[in-house]
Structures are given as structure tokens and as C-alpha cells.
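Data first, discussion second: the structure below is written as C-alpha cells.
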Amino acid sequence: MINSIFIWVVFSLGIVLLLLLDIFVLNKKAKVLKMREALLLTGFWVLLAVLFGLFVYWNWGAEYALEFTTGYLIEQSLSVDNLFVMLMIFTVFRTPTAFQQKVLIWGVLGAMFFRVIFILAGVSLINRFSVTTYILGAFLIYTSIKALFSKENNIDPDKNFAIRMFRKIMPVSRFYDSSKFFTKLDGINMATPLFVALLVIETTDIIFALDSIPAIIAVSRHSFIIYSSNIFAVLGLRAMYFALARVMQLFHYLKYGLSAILCFIGAKILLQNILLANHIVINITTDLAVIGSIILLSILLSLIFKEKVSVPAHETRI
């Protein structure tokens, strides 16, 4: 069975082992990930996702494979905004480029933990209460409208709930100590700005998950499919950040494309009974075609109608 505990455990252990290999072997020392390395790593995770999609197809059929592909594409596309926020966070904390990869690797581990909770809770609610489906649809439309009219994200460490709570537990130093998360000054144990940056990455990822996971639940009710597609997208996001950090601002129309994707999925959920009554079926293949077309159109429009976007400078406030 696709949702068996055995499948969950084997998949999770495999991902954790890959990450541990990345942390303690391939990237044991802090270094700047060059463009070529970032592109190769991005290609590796995309290839791994494709191979896993084929594995799903061979073991459970085309429908599950299409659900995985659609979920992966949704999460990957919605993560584009997350890339820009990551850039803003590292700018605010003036995080040296060589240390950013360590933050993102540990951020992925945290994302895996929280997304399991969100996915299991979301699927359980929808399966138990049918009205949750309509709440989900309305929430996605609300999110799409909010994303459409939202202004540029400004990251303020002083207003971050996680940081305010953490400061009550442990003092925070004003300086980096190599790539360490914690340091000792004058005999006092302190967290470094690198750990605070990790806290902000984690809390913002939770906020993004509140948008992306409901969108994927709308196309699949199988927890493992949602989880695996989510994790592969998150894993690829880390490498993609370094590959696209300098050029992702060029795709300014993606904001409208992502809003359209959320609106499409939300409208489909709210209108499902009316569509079925009129013998109109929007299957997973149609979902995939619409989402893929919206992303492609957004990218093409961004390349045709270029717009200069600058990242404002911020001072580190710890």
C-alpha cells in the first residue's frame, strides 16, 4: 500500500541519509556554491524526483504518478516566492555566502518535520469533515488574491515571533563565529546571527507551507504522495536558490502566475459539485496541463517584458 508505514519510513530514512551525506561529507566545510555546482545539484534533485515519479508509476499506476508530478510542480512553482524571501533574510542578517548553504540544509530538515505534521493533519481533516474541502478552496482563493496585491516582503527580525521567544531563552551575539550556530563570549553561551537566520528561515517556511500544502491536498488525498512531492521540491529549492539567486528577480510575472494557480485550484474545489452536476470532470491530467501552461506563460512574459527589480539594503538588527 502506498500509505503504509514501511514506505514512509524507508523514504524518510533515504532522504535523511542523503542530507547527512550532504552535510557531513560533501559540504563539511563552509564554502560558496558556484553557479555550475548549483546547477548540477539542482539537476540532480530534479532527476531524482523524475526517477521517483517513474517508481511511483511502475508500482502504483499512472494516476498516482500524475498526482506526484502535479504536486511536485505546484510546490516547486510556489517556492519561487520563498527563494526571494530567503535572499531577503540573508541580506537582512548579512549572512556570508559561504555560510548560507549550512542554514538551508538544516532548514530542509526542519521543513520535513513540520510538513509531515501539516500534511497528516490536513488530509485527516478533509477525510473526516467534508466541509473542510470548501474551507480549503476559499482559503486558496483568498491566498491568491492576497499574493496578487501583496507588496514586497520586508523581513524584520524584531517582529519575528520565533526570535522574540528565543531571546527569552538564550542571548544572541551580534557577530558571526565562523559557521557556528552557537558561541561562547565572556563565559556566556550565546546563539549566533547564523542560528537566528535559521529560525527565520524555518518560520517563513511554515508560513509558505500553509499555502502550498493545501494546494497539493486539492489534487491528491494520498498523504505519501503529498509528502514525497513536497520533500523533493524542498530539497531542490536549496540548490535552486544558489543557481537562481542572481537571476530570479527577472521572473517578475511569476507572482501573477502563482496567484492564478492558487485561484484555479481553489475555484475547482468550490465548484466541484456544480461541475459534476453538468458532467464536467477536471482530472489530474487537466490540472497538470493548466498549471504547467500558467508557469510557462509567466516565465515567457517575464523574459519578453523585462523589469528591473532591486533588493533593498538592510542592516542586521540582532
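Nothing in this text is a laboratory measurement; each read-out follows from the coordinates by a stated rule. Since we're looking at a predicted model, the values are computed, not measured. As a convention, Cβ positions derive from the backbone with ideal geometry for all residues, glycine included, and neighbour counts pool all protein chains shown.
Values for this structure:
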item	result
Qualifying trypsin sites (Lys or Arg not before Pro) in the range 161-200, DSSP loop, other Cβ atoms within 10 Å at most 13	R174
Links that overshoot a 31 Å alpha carbon limit, given the list K146/K306; K34/K268; K34/K306; K102/K306; K180/K255; K102/K255	K34/K268; K102/K306; K180/K255
